[in-house]
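Beneath this line is the structure, given in structure tokens, with notes to follow.
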Amino acid sequence: MYSDSKEYLKYLLQKNIIISTEKISFEKLNENVLNEDLDFNKLNKEFIENGFCVIDNILKKEFCERLQKFMLTINIREDIYNEYAAVNFDKNGKKIWFALLTNISDELKNKFNFLKNLNYQRGWSFIHSNSQNKSVEKHADPGSLITFNIWCTPDECILDNNEKYNGVVIYDTFNIDETDKCLKKIVSYKFNRAVVFDSRKIHESLVARFKDGYENRKINYTFLYK
């Protein structure tokens, strides 16, 4: 079938034409985007005690939906792998950025005491193939200290959500050679769920099993603090 989609995307990038559902800027939205009903004292205590926590409905729903929409429509793809690709975010002007990211990165720091002495370092979003044979493999992010990972595709887009698919595995070790014998946490996928953990610990994404259709693709955002 005739298709010029690749050539079209290449043309847009060469001409510096960016398709985006969000205004590309370093400004801030005039309203808070984190879910104000969260018990931040409880979540702070949980992370400090365990070095790990899961936060459901971390964002007001409309803002999580905006994150998904942005990634579905933006015509930029970086760090392209066989079954997923990234868009990278940075406040230094060298990468793409928009106001909603400012709110999220700043509000996380303001609401979570364990980020008090840290600063947003870098971030990205991944968009995944609907049905993967390989996803983001075991790795650590040793240049950072704390990771917030937020899932943004609605639950009704999931094809199979058993323990083998869609979520993330966090190993209780900093050594990739020890993952077969250490304790691990498996966190199931859920729309608007954040997983917070030590960036230096080995972690991996489970392969995606989402329904057919571009709009059903698994999308996640990652925010690193140092």
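Details
- Test for Phe70: is it of a type in the set (A, V, I, L, M, F, W, C), buried (at least 16 other Cβ atoms within 10 Å of the Cβ) and free of Cβ contacts under 8 Å to residues at least 60 places away in the same chain: yes
- Considering residues of the stretch 99-140 that are assigned to a strand (DSSP E or B) and more than 15 Å from the chain's Cα centre (by Cα) only, the residue nearest to Gly213 (Cα to Cα): Ser131
- Which numbered condition Asn41 fails, given (1) under 27 Å from Val169 (Cα atoms); (2) without any contact (Cβ under 8 Å) to a residue 60 or more places away in the chain; (3) assigned to a loop (DSSP other than H, G, I, E, B): (3)
- Yes/no for Glu46 being assigned to a loop (DSSP other than H, G, I, E, B), at pLDDT 95 or above, within 27 Å of Asp155 (Cα to Cα) and over 20 Å from the mean Cα position of the chain (by Cα): no
- From the options Leu108, Leu118, Leu100, residue that is surrounded by fewer than 18 Cβ atoms within 10 Å (Cβ to Cβ) and touching a residue at least 12 places away in the same chain (Cβ under 8 Å): Leu118
- Cβ-Cβ under 6 Å pairs, at least 6 apart or on other chains, the stretch 7-32 side farther than 11 Å from Asn75 by Cβ, far side modelled with pLDDT of 90 or more and loosely packed, with under 14 Cβ neighbours inside 10 Å: Thr21/Thr73
- Lys185 vs. criteria surrounded by 15 or more Cβ atoms within 10 Å (Cβ to Cβ) and of a type in the set (D, E, K, R): yes
- For the stretch 77-96, the criterion of a residue being part of a helix (DSSP H, G or I) and either touching a strand residue (DSSP E or B) at 6+ places or on another chain (Cβ under 8 Å) or closer than 23 Å to Gly213 by Cα (or both) is satisfied by no position.
- Of the residues making up the stretch 174-206, those that are farther than 17 Å from Thr222 by Cβ and in a loop (DSSP other than H, G, I, E, B) are Phe174, Asn175, Thr179, Asp180, Lys181, Cys182, Leu183, Ser188.
- Residue in the stretch 147-160 that is in contact with a Phe, Trp or Tyr (Cβ under 9 Å, 6 or more places away or on another chain), of a type in the set (A, V, I, L, M) and surrounded by fewer than 17 Cβ atoms within 10 Å (Cβ to Cβ) present: yes
- Output for the stretch 211-226, where each listed residue is closer than 16 Å to Leu67 by Cβ, in a loop (DSSP other than H, G, I, E, B) and in contact with a Ser or Thr (Cβ under 6 Å, 6 or more places away or on another chain): Lys218
- Scan of the stretch 125-143 for residues that are closer than 20 Å to Asn103 by Cα and touching a Lys or Arg at 6+ places or on another chain (Cβ under 9 Å), ordered by number: Phe126
- Boolean, Lys23 is modelled with pLDDT under 95, under 20 Å from the mean Cα position of the chain (by Cα) and among the basic types (Lys, Arg): yes
- Residue in the stretch 2-21 that is outside any helix (DSSP H, G or I), of a type outside the set (Gly, Ala, Ser), touching a strand residue (DSSP E or B) at 6+ places or on another chain (Cβ under 8 Å) and farther than 19 Å from Trp124 by Cα present: no
- Any hit, the stretch 64-87, residues being modelled with pLDDT of 95 or more, among the charged types (D, E, K, R) and either out of contact with any Cys (no Cβ under 8 Å at 6 or more places or on another chain) or closer than 21 Å to Phe112 by Cα (or both): yes
The values are calculated or read from the model by the stated rules, or taken from the named source; none is laboratory data. Model, not experiment: these values are computed from the prediction. Ideal geometry is used to build each Cβ from the backbone, glycine not excepted, and the neighbour counts take in all protein chains shown.
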